Amino acid sequence: MSGLRRAQLAGIDIVWRPWPDSDPLSAILDCLGETEAAPTATLHVSLRHADGPPAPLPDASHRPLFFHGRTRVFAADDRILLWDGASLLSLSGDGSELNGEVHPDSLDDGHTFSSATLLIALAVALRLCRRFHLHAGLVALDGLGTLLVAGDAAHGKTTTTLSLLRRGGLLAGDDTLYIDPAGRCIWGLPKPLNLSPKTAQAFAGLTARHPNPTAAESGKSSYPAALLFPSAIRASLGYPDWLLFPRITGESTTRLKALAPTDALGNLMTASALVAVDGLAHAEEHLAALLALVSHGRSYELLLGLDALERPDCIIDLLTAEANSPR
């Protein structure tokens, strides 16, 4: 049908009819490049403007599954419902259809609707297709292999990722990944990189390529990954050789601290919160996917000191020394 758009995310073909202005799904999928891989499933999305009052909270016949911010998720017979206080979206139980009416109140902050409610809907749909969401970055670098960088906001995840990329790394994503156990790979959503003023200044040689970034949350600036690293973006990368969990310490020197497998698994579960949701399909497979990552790579806490911004190469120097040391 004419007027439809397609984008492939995590090997799943997503098909929708974009709105003429401010299309919320395009806002998060425009960062995806072309891919020649054959999709393994299709998700049809139909979002319409709501003309009536805000959608009410689903009634007690719908079982709550989880909530994130203002978005609440419910199980309803063979469907999953997502409600953000004004709009109600409905996802089929097999992850093949997402539809709903979007109320203007949801679009007062269109960024939140796209980057929260819609991304949650996509994460649930992809999980139903056995693609398991992980809040982390993934970079491949000659001499070190593939590195997964996982951590909460303000823990130095983006600083670490940029340090690897500026040395010629390949990027699947800085924030949103999907583990594909069947394909033994990890797919990325290469969203814009949101940098604090200090991080942007530390990597001024890179950020100068995009002198007019858009404003992001918490005083950060948003830089399209494809503009900063035009030849580095990859749809997917293999399972990581390293699992890095950065944490800013305020010390002068950056250090590596080896993590026990149980600690690494706990950190991955925190970064892959849907694994703990009771009532979503494929829970055991999700946990097994995280265990496979721990088994495949070496795990470290990356304790970021002041030198991580003063001399970002110190991170690669540490990793190179560790890679060359006897195990």
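I need a count of the residues in the range 16-55 that are hydrophobic (A, V, I, L, M, F, W, C) and exposed (fewer than 15 other Cβ atoms within 10 Å of the Cβ). Working first, answer last.
Here is the first cut: in the range 16-55, the ones hydrophobic (A, V, I, L, M, F, W, C) are 16, 19, 25, 27-29, 31-32, 37-38, 41, 43, 45, 47, 50, 55.
Keeping just the survivors that are exposed (fewer than 15 other Cβ atoms within 10 Å of the Cβ) gives 19, 37-38.
Of the residues in the range 16-55, 3 are hydrophobic (A, V, I, L, M, F, W, C) and exposed (fewer than 15 other Cβ atoms within 10 Å of the Cβ).
Evaluated against (1) within 30 Å of S231 (Cβ to Cβ); (2) out of contact with any strand residue (DSSP E or B) (no Cβ under 6 Å at 6 or more places or on another chain); (3) modelled with pLDDT of 95 or more, H111 falls short on exactly one condition, (3). Residues in the range 283-306 that are surrounded by fewer than 16 Cβ atoms within 10 Å (Cβ to Cβ), of a type in the set (D, E, K, R) and over 24 Å from C185 (Cβ atoms): none. Within the range 54-62, not a single residue is modelled with pLDDT of 95 or more, touching a helix residue (DSSP H, G or I) at 6+ places or on another chain (Cβ under 7 Å), in the same structural domain as H282 (by TED's automatic domain parsing) and not in a strand (DSSP E or B). Could you say whether any residue in the range 319-327 is surrounded by fewer than 16 Cβ atoms within 10 Å (Cβ to Cβ), closer than 19 Å to T249 by Cβ and among the basic types (K, R)? No, the conditions are met nowhere in the range 319-327. Whether any residue in the range 91-113 is under 22 Å from the mean Cα position of the chain (by Cα), in contact (Cβ under 8 Å) with a residue 24 or more places away in the chain, closer than 29 Å to H155 by Cβ and surrounded by 20 or more Cβ atoms within 10 Å (Cβ to Cβ) is what I want to check. Checking the range 91-113: at least one residue is under 22 Å from the mean Cα position of the chain (by Cα), in contact (Cβ under 8 Å) with a residue 24 or more places away in the chain, closer than 29 Å to H155 by Cβ and surrounded by 20 or more Cβ atoms within 10 Å (Cβ to Cβ).
Against the condition under 30 Å from A182 (Cβ atoms) and not assigned by TED's automatic domain parsing to the domain that holds D180, how does L81 come out, does it pass? Answer is yes for this residue.
In summary, strands (runs of 3 or more DSSP E) completely within the range 141-208 and bearing 2 or more residues that are touching a residue at least 60 places away in the same chain (Cβ under 8 Å) and under 14 Å from G238 (Cβ atoms) occur at 145-150, 170-173, 176-180. Scanning the range 31-53 for residues that are of a type in the set (G, A, S) and outside any loop (DSSP other than H, G, I, E, B) returns A41, S46.
The values are calculated or read from the model by the stated rules, or taken from the named source; none is laboratory data. Computed from a predicted structure; not experimentally measured. All Cβ positions, even for glycine, are placed from backbone atoms using ideal geometry, and neighbour counts span all protein chains on display.
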